[in-house]
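Down below is the structure, laid out as C-alpha cells.
The values are calculated or read from the model by the stated rules, or taken from the named source; none is laboratory data. Small disclaimer: the values here were computed from a predicted structure and weren't measured. Every residue, glycine as well, gets a Cβ built from its backbone with ideal geometry; the counts of neighbours run over all protein chains shown.
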Amino acid sequence: MGHILTVIRHRRAVRKNCFRVGIPWRGIVHDLSKYSPAELIPGIRFYQGNRSPNERERELFGYSKAWLHHKGRNRHHFEYWNDVNMTTHRYEPVKMPAVFAVEMFCDRVGASKVYRGKNYTDADPLNYFLRGNARAKMHPETADELERRLRLLAEKGEKEAFAEIRAEVKAARRAEKEARRAEKKKLKGSPEK
Ligand SMILES: [Zn+2]
C-alpha cells in the first residue's frame, strides 16, 4: 500500500524534526488527519507514487476534496491561515503563530529528506522554497521567518539550526503566554463583553 507507506515515512521524518526543535506534541499529531476516511480513501484511490494524490484528484474533478479537508484542519499549513481582513473585506493571509510556523519548517525539511533520499543536503529545503511560489501566498512576516530558518539550516547545518529554533520556540511560547494574560485583562476591562 504505497500511500500509507508514504504517510508513515513522512510523519516519521517530520516527527524527528519536531522533537529536536522542542515541539514534540506537534510531531506526534502531525498530519494525523491523513488517516481520516475523508483523506485516506482519496489518498489510496488516487495514489501516484511520484506526485501527490491531490493533484490527480484535481485533474479529474477540478478540485481535491482531500486537500480541502487537510488544509482546513492542519494549522501547520499557511493555507489554513487565511481570514477576512476587517479593512479590505477580503480573505488575506494571517501571520502564523510561532509553534505552527516551526511545525511548517519541520514539515518542509522532513518532506525534502524523504523526497531526496541519499542525495539530500541541508540546502534542499531552502532551494525548494526559493523555487516555489509559496511566499506570495503567505503573510510576509511568516514568509520571512521561514526563509530565515531555512537559510540558517542551509548555512549552519542541523545541529546549530535546530538548537537556535528551539530557543526561538521557547521565547515565543513565553511571549504568547504573556500576550494571552494581557488580552484577558483587556476583556475584563471592556464595558461590553
Ligand atoms: Zn500536512
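Residues in the stretch 52-91 that are touching a residue at least 12 places away in the same chain (Cβ under 8 Å) and farther than 19 Å from residue 36 by Cα were compared, and the one that is surrounded by the most Cβ atoms within 10 Å (Cβ to Cβ) is 78.
Residues that are within 16 Å of the ligand (Cβ to nearest atom) and surrounded by fewer than 19 Cβ atoms within 10 Å (Cβ to Cβ) within the stretch 32-51 comprise 32, 33, 35, 36, 38, 40, 51, listed in sequence order. Within the stretch 13-31, the set of residues being surrounded by 13 or more Cβ atoms within 10 Å (Cβ to Cβ), in a helix (DSSP H, G or I) and not aliphatic (A, V, I, L, M) comprises 15, 16, 17, 18, 19, 20, 26, 27. Does at least one position in the stretch 96-119 carry a residue that is more than 16 Å from residue 23 (Cβ to Cβ), touching a residue at least 24 places away in the same chain (Cβ under 8 Å) and away from the ligand (no atom under 16 Å from the Cβ)? Checked the stretch 96-119: no residue is more than 16 Å from residue 23 (Cβ to Cβ), touching a residue at least 24 places away in the same chain (Cβ under 8 Å) and away from the ligand (no atom under 16 Å from the Cβ).
Restricting attention to the stretch 120-156 and to residues that are touching an Asp or Glu at 6+ places or on another chain (Cβ under 9 Å) and basic (Lys, Arg), the residue that is surrounded by the most Cβ atoms within 10 Å (Cβ to Cβ) turns out to be 149.
Figure legend. Inter-residue proximity from the stretch 17-30: first residues basic (Lys, Arg), second residues buried (at least 24 other Cβ atoms within 10 Å of the Cβ), beta-carbon distance below 6 Å, spacing 6+ or different chains. Indicated pairs: 26/18; 26/103. Could you tell me which of the residues 163, 101 is in contact with a helix residue (DSSP H, G or I) (Cβ under 7 Å, 6 or more places away or on another chain), modelled with pLDDT of 95 or more and either within 19 Å of residue 14 (Cα to Cα) or of a type in the set (Gly, Ala, Ser) (or both)? Within the list 163, 101, the selection yields 101.
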